[in-house]
Amino acid sequence: MSDTNSDPDTEETFDAGSLRTPIVAVLGHVDHGKTTLLDRIRGSAVQEGEAGAITQHIGATAVPLSTISEMAGALVDPTDFDLPGLLFIDTPGHHSFSTLRSRGGALADIAVLVVDVNDGFQPQTEEAIDILKRTGTPFVVAANKVDTTPGWNPQEGQPIQQSLETQSDRASSRLNENLYELIGDLSGKGFSADFYWRVQDFQSNIGVVPLSAMTGEGIPDLLTVLMGLSQRYMKEEMSVDVAGPGVGTVLEVKDEQGFGATLDVVLYDGVVREGDTVVVGGRDEPIVTEVRALLQPRPNAEIRAEKQFERVEEVRAAAGVKIAAPDLDEAMSGAPVRVVRGDDEAALEAVKREVREELARIEVDTAEDGVVVKADTLGSLEAMANALEEAEIPILRAEVGDIAPRDVTVAQTAKEDTHKVILGFNVDVLPDAEEALEHADVRLFDDDVIYQLVEEYEAYVEELERAQQ
Ligand code: GDP
């Protein structure tokens, strides 16, 4: 789809090819190097390309194909690709990823799973893999921090494969051992994985790219694999209507001075314009509102400095954008956002129905007795519900949002003592709720690792049961 009709003054620096920009999310265990990798890719893009080599969006950074090919050197020939570039989601971690993906929407299209090559699989690596598996998302593994292997001797400007071959025996055998362990762990999860240069088909095999987010070695290789993977995926899987009414997912609901509650949205299809009617997934009912302003970071503002906005009249997928509109207080992270074109009531009702259906798709089976679950986004709520179901822990109520006094009241009504519990995932406890907790016979567990939260709860149940015997 050509972008030639758009206003030449808009900030969009790349001309869309025939496919829409793939959306890339970065996940992995804490401290394994997700942020460093994203910073590295953004930083190198700015250095390599001319001014404007990246476009900052709300919640995402777009790197155009020409810049990717400069960064990847001989590895990426731009004429091989129909993709305009890659849109990297700025918030690393699988919580934002599950927001983007599990609504059944197309987001994010592909993922980079970052694993510290010395540390191997860790709890959040496992969680991330489970989510990737459940959602059928194509991904590549960034085996990060190769520079920390003793004796490692980087070959500047060379593909990582060549670098590996020229290492001292000590360094390469250590590193190889770790890399093979990683490949083994992936196969234990049901994935056939191998060094990326031995993989023919990245759809059914996972490519492992040894790299260092710190020194930049292996980044060209990673970009090459990402481009190859996206090109195939977007060709085979995506049927998007980039000119149609906008469709997106809420990354975050944020109060912004002068605007009130606003939405940070990743638009993955179509167009949104100022003045458009949009339907947004709300806590109780779909919210119908009108776009008052579309905001993007000011060009050349510090990377990730999100406070300086400029207004734009329209935004096309794929992009991150802040939407300011009335009545957004009840909007939920992870909820769908849809533009309604046309004035008729029937079109609006149809979109409202779609939004309701999309929200109903979150499969949380509640029981008559069970625990109260609160999570930061719809995606993480769903992931929590799945983990609890697997552990055979019943749920009385599951909701998105911080822990409020009402949750304490509800938990208090649970029949079994082991159910008078709130499990909070990545949420805060509101001050009133803290007070309520002090006076109630309700236990709160909060964590930002699902598997740990489940384990903490199980340990508590065991303890209670022992005490009661
Ligand atoms: P995140 O929690 O996954 O986002 O991890 P960070 O990107 O914050 O990285 C955690 C720590 O590891 C930081 O101190 C980084 O500087 C360091 N780190 C990340 N990547 C590399 C790497 O490739 N090599 C080395 N030596 N350190 C790294």
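Residues of region 253-270 that are closer than 13 Å to Ala325 by Cβ and part of a loop (DSSP other than H, G, I, E, B): Phe259 alone. Within region 417-445, the residues that satisfy the criterion of being touching a residue at least 40 places away in the same chain (Cβ under 8 Å) and either at positive phi or not polar (S, T, N, Q) (or both) are Asp417, His419, Val421, Ile422, Leu423, Gly424, Phe425, Asn426, Val427, Leu444. Restricting attention to region 324-337, the residues that are in a strand (DSSP E or B) and closer than 19 Å to Glu313 by Cβ total 2. Of the helices (runs of 4 or more DSSP H) lying entirely inside region 85-175, those carrying at least 1 residues that are in contact with a Pro (Cβ under 8 Å, 6 or more places away or on another chain) and modelled with pLDDT under 90 are 160-165. Looking only at region 296-318, decide whether some residue is under 24 Å from Leu19 (Cα atoms), β-branched (Val, Ile, Thr) and touching a strand residue (DSSP E or B) at 6+ places or on another chain (Cβ under 8 Å). Yes, because at least one residue in region 296-318 is under 24 Å from Leu19 (Cα atoms), β-branched (Val, Ile, Thr) and touching a strand residue (DSSP E or B) at 6+ places or on another chain (Cβ under 8 Å).
Asn144 falls short on exactly one of the conditions (1) surrounded by 17 or more Cβ atoms within 10 Å (Cβ to Cβ); (2) more than 31 Å from the chain's Cα centre (by Cα), and that condition is (2).
Can you tell me which condition Lys307 does not meet? The list is (1) loosely packed, with under 14 Cβ neighbours inside 10 Å; (2) among the charged types (D, E, K, R); (3) modelled with pLDDT of 95 or more, and all the others hold. Against the list (1) loosely packed, with under 14 Cβ neighbours inside 10 Å; (2) among the charged types (D, E, K, R); (3) modelled with pLDDT of 95 or more, Lys307 comes up short only on (3). Among residues that are away from the ligand (no atom under 16 Å from the Cβ) and either hydroxyl-bearing (Ser, Thr, Tyr) or more than 16 Å from Ala143 (Cα to Cα) (or both), Thr224 is included. Of the residues examined, Arg406 is one that is free of Cβ contacts under 8 Å to residues at least 24 places away in the same chain, assigned to a helix (DSSP H, G or I) and among the basic types (Lys, Arg). Scanning region 199-243 for residues that are of a type in the set (Ser, Thr, Tyr) and modelled with pLDDT of 85 or more gives Ser212, Thr215, Thr224, Ser230. For region 60-74, a tally of residues being within 26 Å of Leu251 (Cβ to Cβ) and away from the ligand (no atom under 16 Å from the Cβ) returns 8. Select from region 130-165 the residues that are within 16 Å of the ligand (Cβ to nearest atom) and on the phi > 0 side of the Ramachandran plot and list them in ascending order. Within region 130-165, Lys145, Gly151 qualify.
Rundown of residues vs (1) farther than 30 Å from Asp376 by Cα; (2) at pLDDT below 85; (3) more than 16 Å from the ligand (Cβ to nearest atom), yes/no style:
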| position | (1), (2), (3) |
| --- | --- |
| Met1 | yes, yes, yes |
| Ile23 | no, no, yes |
| Leu37 | no, no, no |
| Ser44 | yes, yes, no |
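Can you pull out every residue in region 428-450 that is crowded, with 16+ Cβ neighbours inside 10 Å and either among the small types (Gly, Ala, Ser) or out of contact with any helix residue (DSSP H, G or I) (no Cβ under 9 Å at 6 or more places or on another chain) (or both)? Correct list: Ala433, Ala436, Ala440. Being within 18 Å of Asn386 (Cα to Cα) and loosely packed, with under 15 Cβ neighbours inside 10 Å is the filter here; which residues of region 457-469 pass it? Glu458 - this is the single residue of region 457-469 that is within 18 Å of Asn386 (Cα to Cα) and loosely packed, with under 15 Cβ neighbours inside 10 Å.
Quick one: Lys352 ticks every box in (1) touching a strand residue (DSSP E or B) at 6+ places or on another chain (Cβ under 9 Å); (2) of a type outside the set (A, V, I, L, M); (3) farther than 19 Å from Glu290 by Cβ except a single one, so which number is it? If we test Lys352 against (1) touching a strand residue (DSSP E or B) at 6+ places or on another chain (Cβ under 9 Å); (2) of a type outside the set (A, V, I, L, M); (3) farther than 19 Å from Glu290 by Cβ, just (3) comes out false.
The values are calculated or read from the model by the stated rules, or taken from the named source; none is laboratory data. In this text the structure is predicted, and so the values were computed from the model without any measurement. Every residue, glycine as well, gets a Cβ built from its backbone with ideal geometry; the counts of neighbours run over all protein chains shown.
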